[in-house]
Amino acid sequence: QFLMDMIDTTKAVGKGMLSMYQKYDALRFSGYIQPQFQMASARGINTFAGGNFNKESDNRWMLRRGRIRVDYEHYNDQDMPVLQFAFQFDGTERGVNIRDFYGRVFDTKFNVFAFAAGMFARPFGWEVNLSSGDRETPERGRMSQILMKTERDIGGMLSFEPRKKDHPLRFLKIDAGLFNGQGLTGPSDFDSHKDFIGRIYIKPRKLNAQNWRLSGGVSVLMGGMQQFTNVIYTMDNAHAFKVDSTVTNAGKIAPRHYYGADMQLKIPNGKGKGFTQFRAEYIRGKQTATASTTETPGTIPLTPDGKYAPLYIRKFDGAYLYFIQNLASDKHQVVVRYDWYDPNTDVKGTQIGAPGGGLTQADIRYNTLGFGYLYYLNEHLKLSVYYDWVENEATALPGYEKDLDDNVLTCRLQYRF
Amino acid sequence: QFLMDMIDTTKAVGKGMLSMYQKYDALRFSGYIQPQFQMASARGINTFAGGNFNKESDNRWMLRRGRIRVDYEHYNDQDMPVLQFAFQFDGTERGVNIRDFYGRVFDTKFNVFAFAAGMFARPFGWEVNLSSGDRETPERGRMSQILMKTERDIGGMLSFEPRKKDHPLRFLKIDAGLFNGQGLTGPSDFDSHKDFIGRIYIKPRKLNAQNWRLSGGVSVLMGGMQQFTNVIYTMDNAHAFKVDSTVTNAGKIAPRHYYGADMQLKIPNGKGKGFTQFRAEYIRGKQTATASTTETPGTIPLTPDGKYAPLYIRKFDGAYLYFIQNLASDKHQVVVRYDWYDPNTDVKGTQIGAPGGGLTQADIRYNTLGFGYLYYLNEHLKLSVYYDWVENEATALPGYEKDLDDNVLTCRLQYRF
Amino acid sequence: QFLMDMIDTTKAVGKGMLSMYQKYDALRFSGYIQPQFQMASARGINTFAGGNFNKESDNRWMLRRGRIRVDYEHYNDQDMPVLQFAFQFDGTERGVNIRDFYGRVFDTKFNVFAFAAGMFARPFGWEVNLSSGDRETPERGRMSQILMKTERDIGGMLSFEPRKKDHPLRFLKIDAGLFNGQGLTGPSDFDSHKDFIGRIYIKPRKLNAQNWRLSGGVSVLMGGMQQFTNVIYTMDNAHAFKVDSTVTNAGKIAPRHYYGADMQLKIPNGKGKGFTQFRAEYIRGKQTATASTTETPGTIPLTPDGKYAPLYIRKFDGAYLYFIQNLASDKHQVVVRYDWYDPNTDVKGTQIGAPGGGLTQADIRYNTLGFGYLYYLNEHLKLSVYYDWVENEATALPGYEKDLDDNVLTCRLQYRF
């Protein structure tokens, strides 16, 4: 289910959620647990398949996610939603944290607008919004994890989404909101600048008599962070970072600008035989982070001795492609995903690590090819086996001259109610 | 609802809580979420309106509270409560913690006594006990937050509160308990001394034919903390701290003595027009803390180099006044609160910062005037806009010569079930 | 109830759990809270009765456990379980963490096998698996806490346990699983080695016409941890540690081998008069830890300056004996427990602390005699008073020449639904 999906109780009940209904009120409990066993191709690798392995470990049990969620919904006497709110906790051996904690109030005059406030998924793209309980791959791609770690941010969002069955724009959903920026990676907003995020989405449209369904959207994030330092690095034309230390740099806003487009095609294979699905998303833009990483900062970046770290502004792009095929049965499915993330589109290969360039392992492009098999025992239990074949470009950086040995096999059970 | 209120299922159900009843058992779920957007009058201010702003931030989204609560209640065949217990979690982007976690057992012979044990609100005063879901202001006053941060403490408490409708003392509630002292500000009791807290409360009494209702109470906290150091500062007669370093000071109990009185008047404005309400509370006493703060310590106070910090014992007083007025409608309400907290009643103004006095920013009196508007969309959703105008006395301390720029505007939505 | 007990809804309902049933689905909520007041015989003692006292404290209120649990169960149309999963949180003033978070899938062809994955109690012994809500003593014995702190580990386990009433092996339960090893004491597996744990258990068998019931089991844990250092200490024949610093030691697996046997006898005293119960368990084996403790490490042991700490391999044994007697009533019960834990069976008494031996306080044997009284007010409330009389052997180590003053009295209420 989409993280910020419209309330759709038939779908939810179909997933076996337990509900208590009063006439206009509903309290629903749902949850899932994802225990998994993983094997890495080498000890202590860095990976986006559930977090880095410990230095001396190449296999591990882990509870990847343990989610429990309470939804409260209130309807009016036209069966239109009036308000909804959600509490979702994540509990694992690494701690207990919140995930979704938000409330949403619906306009009941036109039944098209809604306002959400709290902690919820950023309305950007498709993969960021697809729930980890429904995704066919164990993790989101590298790009999604680096740009929008844990997906969620705290803010307020206005949505346009017609809720009446006969509304002429019922196929359309538009979200626009303002967010802190740090999301769940920091305890609170560290500057006064807010991120604007907007998305226009066309819901699945029937293409032909075979009921092929196409959907897609465009997203934009116009955000940034205050430059606490005056030392700002950007790329020059000679594949190197150049520094700008103008005193007035401090206090300006460094850009975090993302532009994305996504589409999804779903082709039915026949009754009880599942679907053939294609999904694609492309994102490009500018990201501000530090020398050693391009992850969106959750707190003000500091040097090891506690001073404000220089900021690095890079142009990036990335994409993913999914191919999902049921094996002539609703119960068996294979998935292939290819994704890439190029954190710095101004350099490639051995330009990284060339003397005087100032480039680091944060500038290396990664391509990942993943393939997996899923078995849906019943609506409550899913088994998946997935292999991530991760390839970095060969650079002139010591330790990154060739593809690292950092592939991961994941065997996961997902229990869900 | 009062944090340790008598079980009153009609009230609770009226608030839309979802319940599952068996004949004598009840399990109830309730919760609320408070997303808010705040603007401060300057960057990085210290404030009691939801915690200090980060150094470079003057506006922020935050999830002020995210509470989810499970109550279990068991009744006998005379419909008298036998036992009750509560689990309440608070989840925000800053972490997941417990709030109320207590059990209560009722005497079923006389139906007047009850014994509670666990983590629950200190039975002191009115504001400390009024739930944040019901309060008309976004936060408790500065005094309540400094003396009894997060309100709750762990301990045991005996209550006298007649539960039969015809009991002659049905208007009376008496609480008396022993508590660790550190509450939720520390992980465990750091000394062997316990705090005694007692409260006598007269429930709302009808004053006249217009059904004016007056209630009120008196409270006392006789607690303290062990002096781990022999270096104890108290005020002399010349507006300065004097030190007492008698070796035998170490091991004695430094006082935390609070005396309070409170009253509440509620005047109905007519059917559907709400109420006019006045509330007042005054507290004075002695507080033990350190040079730089008067907050009740949650752990043994230490100096930066890890030694036991000198303790400072100050006489304090403080008060708040609420005026709450519905705007001819149950849905619209305005609130004005004036509160002050004088952490050291032996000095004022430029005596603070005078050479040789040893006084600090912790000794400064603050007056806060807040005013707000509340809109109750329905029983599940409340919108509030509130402005805190915070005024410190002008002192001779560098940086505190005049009123600091530290006002805050809070825009809050509260979703509740 | 046993931590990984078979689904037994009659028992669960008997405990007053609140359930919501659909035809084949069940969602159940349960929980308990254990507030307690404790007095120690001296300030700042180390104890296994709920964690060490703070340095200057000899009495304390604490919330020992605050558990809330959600169970989901799914049955097929023969009323045989198909899958089950559990979410259990522990919330106290010390934080919120997970306890049980696991899923289990049952074979529905033979109805004898089950596979569990996630975080659950290690299938070793009796005391480790008996729930803290049911145990007659406030805490597990010292040995259980040192070897398997918080009882649970993350892994996968295959079980053999016939579920059909007429199965000839219905009295038998066999568990075998692979686990990380660090359990809830560390955030993730720190090496690539997994622990094997197995247990064979004979369920209560009727012995005679008086319906005496005997049960028992044998358990084995064949685990270990990678030696990150080449400095390994073991005991020589002269009651001293000898060091082996062979370079090739690094990378080998240091042993964690436990062998245990347990039995339980339950004698009915007559209707409404409760039971007489005896329980015993003995465990011996080899444990790898460090110089100063024999607790199973949760992370790689480090020296204070951050290097890999030398490992110490010790032979240990330990046991406990319970005698539990109802006082001619289901409501009143006394319990006596004697337990010992000898962390190093190669030395005793003043051999510990002898010059050149390299032995520490971690090598001291402790015997604990505990006795308590329990009052079961109703199925939801239990009161217990329990005294732990802890005796260490007299050694030649400074500070441990005689029995330390470290006894603890615990007064506990347990609220449960």
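The values are calculated or read from the model by the stated rules, or taken from the named source; none is laboratory data. Because the structure is a prediction, the values reported are computed rather than measured. We place every Cβ from the backbone using ideal geometry, glycine too, and count neighbours over all the protein chains shown. These accessible areas exclude ligands, DNA and RNA; they are computed on the full protein's heavy atoms, side chains included. Shrake-Rupley method; radii C 1.70, N 1.55, O 1.52, S 1.80 Å.
Rounded, prolate or oblate, given the Cα gyration tensor of region C:280-320, with a/c below 1.5 counting as rounded? Note, shape of region C:280-320 comes out prolate.
Using 0.36 nm per residue of separation minus the Cα-Cα distance, give me the extension gain between residue B:378 and residue B:237 in nm, one decimal.
So the chain would gain 45.1 nm between residue B:378 and residue B:237.
Rounded is the label for the protein assembly as shown, because the ratio a/c of its alpha-carbon gyration tensor axes (a ≥ b ≥ c) stays below 1.5. Taking trypsin sites (Lys or Arg not before Pro) across region A:292-367, the ones in a DSSP loop with at most 16 further Cβ atoms lying within 10 angstrom of their Cβ are A:307, A:331, A:348.
The residues of region A:145-169 occluded by other protein chains by 40 Å² or more of accessible area, set against the chain on its own, are A:154; surface from heavy atoms, 1.4 Å probe. Between copies, residue C:42 shows label-point distances of 5.4, 5.4 nm, shortest first, with the point placed 7 angstrom from Cα along Cα to C-beta. In this simple spin-label approximation, residue C:323 and residue B:330 carry label points 7 Å from Cα along the Cα→Cβ vector, and these lie 6.6 nm apart. Residues of region C:366-397 that bury at least 30 Å² of accessible area when the other protein chains are present, relative to the chain alone (probe 1.4 Å, heavy atoms, ligands and nucleic acids excluded): C:378, C:380. For the options B:213, B:67, B:94, a Gaussian network treatment of chain B with springs between C-alpha atoms closer than 10 Å singles out B:94 as fluctuating the most. Site pair residue A:292 and residue B:135 shows an inter-label distance of 4.2 nm when each label is modelled 7 Å from Cα along Cα→Cβ.
Compute the label zone of residue C:250 within region C:173-214: residues whose backbone N is under 20 Å from the point 7 Å along Cα-to-Cβ. Inside the label zone: C:190-193.
Within the shell defined by Cβ-Cβ distances under 10 Å, the residues around residue B:333 carry a net charge of 0, with Lys and Arg each +1 and Asp and Glu each -1. What part of the accessible area of chain C, given as a whole %, is carbon or sulfur when the probe is 1.4 angstrom? About 59 percent, which is the carbon plus sulfur part of the accessible surface. The loop-placed chymotrypsin sites (Phe, Trp or Tyr not before Pro) in region A:141-191, going by DSSP, that have at most 16 neighbouring Cβ atoms within 10 Å of their Cβ come out as A:171. Convex hull volume of the C-alpha atoms in region A:9-416, normalised per residue: 158 Å³. Among A:251, A:353, A:31, the residue with the largest mean-square fluctuation in a Gaussian network model of chain A, with springs joining Cα atoms closer than 10 Å, is A:251. With label points set 7 Å from Cα along Cα→Cβ, the inter-copy distances at residue A:345 are 6.9, 6.9 nm, sorted shortest first. If you take the Cα centroid of region C:367-404 and the Cα centroid of region B:128-184, the two points sit 35 Å apart. Excluding the site residues themselves, the longest part of chain B lacking any GluC sites (Glu not before Pro) in a DSSP loop with at most 14 other Cβ atoms within 10 Å is B:1-378. Residues of region B:224-244 that lose at least 10 Å² of accessible area (1.4 Å probe, protein heavy atoms only) when the other protein chains are present, relative to their chain alone, are B:226, B:228.
For chain C, modelled as a GNM whose springs connect Cα atoms under 10 angstrom apart, the maximal fluctuation among C:306, C:285, C:51 occurs at C:306. For the pair residue C:402 and residue C:200 in one chain, pulling the backbone fully straight at 0.36 nm per residue adds 68.7 nm over the alpha carbon distance.
Among the chymotrypsin sites (Phe, Trp or Tyr not before Pro) in region B:86-120, those placed in a DSSP loop whose Cβ has at most 15 other Cβ atoms within 10 Å are B:110. Chain B versus the axis that turns it onto chain C: the residue with the nearest Cβ and the distance in whole Å amount to B:96, 3. To the nearest 100 Å², how much accessible surface do chains A and B hide from each other in total, with a 1.4 Å probe? Answer for the A-B pair: about 3100 Å² buried. Each pair of Cα atoms in region C:108-154 enters the Kirkwood radius, and Stokes-Einstein at 37 °C and 0.692 mPa s then converts it into a translational diffusion coefficient of 268 µm²/s. Probing with 1.4 Å while keeping every protein chain in the model, the per residue accessible area of chain B equals 38 Å². Remark: label point of residue B:371 defined 7 Å out from Cα along the Cα-Cβ vector; separations to the same position in other copies 7.1, 7.1 nm, ascending.
According to the square roots a ≥ b ≥ c of the eigenvalues of the Cα gyration tensor, what is the shape class of region B:191-246, taking rounded for a/c under 1.5, prolate for a/b larger than b/c otherwise, and oblate for the remainder? Note, shape of region B:191-246 comes out oblate.
When you restrict to C-alpha pairs under 8 Å that are six or more residues apart and normalise by the size of region A:9-416, the relative contact order lands at 13 percent.
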